[in-house]
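The values are calculated or read from the model by the stated rules, or taken from the named source; none is laboratory data. Computed from a predicted model, the values in this text were never measured in an experiment. Counting neighbours? That spans all protein chains shown, and the Cβs are built from the backbone with ideal geometry, glycine included.
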Amino acid sequence: MRHPFDIDRLSSWLGRNVRGFGGKLDATEFAGGQSNPTYLLTSGSHRCVLRRKPPGALLPSAHAVDREYRVMAALAGSDVPVPHVHVYCDDPSVVGTAFYVMDFVEGRTFWDPTLPGVGPRERAALYDELNRVITALHSVDYEAAGLGDFGRHGNYLKRQIDRWTRQYRASETGRVEAMEKLIEWLPRNVPEDEQTTLVHGDYRIDNVIFHPTEARVVAVLDWELSTLGHPLADFAYHCMSWRVTPAEFRGMKGHDLAALGIPSEHDYVAAYRARTHRAEIRDWDYYVVFNMFRMAAILQGILARSLQGSAVSPEARETGLRARPMAEAGWRQVSAMHAV
C-alpha cells in the first residue's frame, strides 16, 4: 500500500464498531484518485470501503471526509444513489488520520467520457442517466434531509472564487498568466442570479458507479467538495468535458460525439433544463469558465502535493501539470465570449 496503516489495530476497531466484521482483515488500496486514500476491506465474505484523509500537511478545508460521510448518510433512501455508510472515526490512533467506512458497491466505472467498448445506444442511455441523477441531486430538499447548515446561503460564486484563489495561492509553484487573468476577471463578472441547492462539486462520469449491465447509476462517490451552492455552477463543472480535450483533463472535445451516440453539449444542457423546468439558462459560458478556473486550482494543489511527496496517486505530478493548460483553456473561453 502507498499509505499503509496498522491492519490489526483497524481490525480490532472495526470488530467493535461495524457489524459483520470479525476475524482476519485484508486491506487493498485502490489505484487512481488524487485526494483521499481509499481501501477495499475484506473480512471473510464481508467487503467494505475505507476512505481516509491522507497523511502529512494539508491545505485548509481540503480532504473533508467528515463532510463526505455526512452527506451520504443524509441522502440514504433518496433519488440520489449513494453507498450505505457505516461509521465515521476522527481518532487518528486507528489508521493515522480521520476516516469513514461504507459499503463496497459492485458495478462499472468509466474513466474515459467517450466510453470505449460501449455501443452508441448504450452511451446515449448512460449519459441520460447521468443527467437524471444530477437533476435529482439539485432537487433534494436539503432542509428536510438535515443539511440546512451544510453550507452558507447566497454569494456562492464570489465565495468560491475567493476560496479557490486562496487555495491556488497556497499551492502556487510558478506564475501562470492565464490564471492571473481569470483571478482578476471572474469576480468582476459574477452573474446576479442567486440559487441554492445541494451540489456535489465533483460530479464526473468517473465519480459514479453504473450497474454492471444496466444504464443505471448505483452509486455517486467522492463527495468531498459537496456543499450548498449554485446548481448551474455544479452542472457546468459536469459539462466541462464537452469543452476540454483528453489532454487538458478527461475531455471529449475533438471527438465525433454524434457517431459515438453521446449528446452534444447543447442537447445535454437542454435535457437538464427540461428536467429542472427552466425556460432558459443565462450566463452559461461564465459558469463553464468559473469551473475551468476552479479545476486549474485543484490541479495546482495536486501538483504541489506531488512535489511535497504527499500525493495519493503515483500519476499526481502528470495530473498536476495540467493546471496551466486548464487555466489557458478557461481564458480562451473568456476571449471567445468577448469576441462575440
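Residue-wise test of (1) loosely packed, with under 14 Cβ neighbours inside 10 Å; (2) more than 27 Å from the chain's Cα centre (by Cα); (3) acidic (Asp, Glu).
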residue: 2; (1), (2), (3): yes, no, no
residue: 26; (1), (2), (3): yes, yes, yes
residue: 37; (1), (2), (3): no, no, no
residue: 45; (1), (2), (3): yes, yes, no
Near pairs, Cβ below 6 angstrom, 6+ apart or cross-chain, from the stretch 198-227 (without any contact (Cβ under 8 Å) to a residue 40 or more places away in the chain) to any residue that is in a loop (DSSP other than H, G, I, E, B) and aliphatic (A, V, I, L, M)
201/225; 202/225; 207/221
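So, in the stretch 105-151, exactly how many residues are in a loop (DSSP other than H, G, I, E, B) and of a type in the set (A, V, I, L, M)?
Of the stretch 105-151, the ones in a loop (DSSP other than H, G, I, E, B) are 105-107, 109-119, 139-151.
Now narrow it down to the ones that are of a type in the set (A, V, I, L, M): 105, 115, 118, 140, 144-145, 147.
Qualifying residue count for the region: 7.
Do we find that residue 169 is assigned by TED's automatic domain parsing to the domain that holds residue 290, surrounded by 16 or more Cβ atoms within 10 Å (Cβ to Cβ) and of a type outside the set (Val, Ile, Thr) in this structure?
On the way: assigned by TED's automatic domain parsing to the domain that holds residue 290: yes; surrounded by 16 or more Cβ atoms within 10 Å (Cβ to Cβ): no; of a type outside the set (Val, Ile, Thr): yes.
No.
Of the residues that make up the stretch 164-183, is at least one touching a strand residue (DSSP E or B) at 6+ places or on another chain (Cβ under 8 Å) and of a type outside the set (Val, Ile, Thr)?
Initially, the stretch 164-183 is screened for residues touching a strand residue (DSSP E or B) at 6+ places or on another chain (Cβ under 8 Å), giving none.
Among the residues of the stretch 164-183, not one is touching a strand residue (DSSP E or B) at 6+ places or on another chain (Cβ under 8 Å) and of a type outside the set (Val, Ile, Thr), which makes the answer no.
Could you tell me how many of the residues in the stretch 202-261 are acidic (Asp, Glu) and either in the same structural domain as residue 72 (by TED's automatic domain parsing) or assigned to a helix (DSSP H, G or I) (or both)? First the steps, then the outcome.
Within the stretch 202-261, the first condition is being acidic (Asp, Glu), and the residues that meet it are 202, 206, 214, 222, 224, 234, 248, 256.
Now narrow it down to the ones that are either in the same structural domain as residue 72 (by TED's automatic domain parsing) or assigned to a helix (DSSP H, G or I) (or both): 206, 234, 248.
Selection size over the stretch 202-261: 3.
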Members of the stretch 100-119 that are on the phi > 0 side of the Ramachandran plot and within 19 Å of the chain's Cα centre (by Cα):
107, 115
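Residues 242, 223: which one is within 19 Å of residue 128 (Cα to Cα) and touching an Asp or Glu at 6+ places or on another chain (Cβ under 9 Å)? Before you say what the answer is, go through the steps one by one.
On the way: 223 fails: within 19 Å of residue 128 (Cα to Cα).
It is 242.
I'd like to verify a number: residues in the stretch 181-201 that are touching a Lys or Arg at 6+ places or on another chain (Cβ under 8 Å) and part of a helix (DSSP H, G or I), how many? Outline the logic, then answer.
To start, the set of residues in the stretch 181-201 that are touching a Lys or Arg at 6+ places or on another chain (Cβ under 8 Å) comprises 187, 190-191, 193.
Okay, now just the ones that are also part of a helix (DSSP H, G or I), so 187.
Total satisfying the criteria: 1.
Quick grid of which residues meet (1) among the basic types (Lys, Arg); (2) surrounded by 17 or more Cβ atoms within 10 Å (Cβ to Cβ); (3) in contact (Cβ under 8 Å) with a residue 40 or more places away in the chain; (4) in contact with a helix residue (DSSP H, G or I) (Cβ under 8 Å, 6 or more places away or on another chain):
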site	(1), (2), (3), (4)
113	no, yes, yes, yes
119	no, no, yes, no
123	yes, yes, yes, yes
152	yes, no, yes, yes
192	no, no, no, no
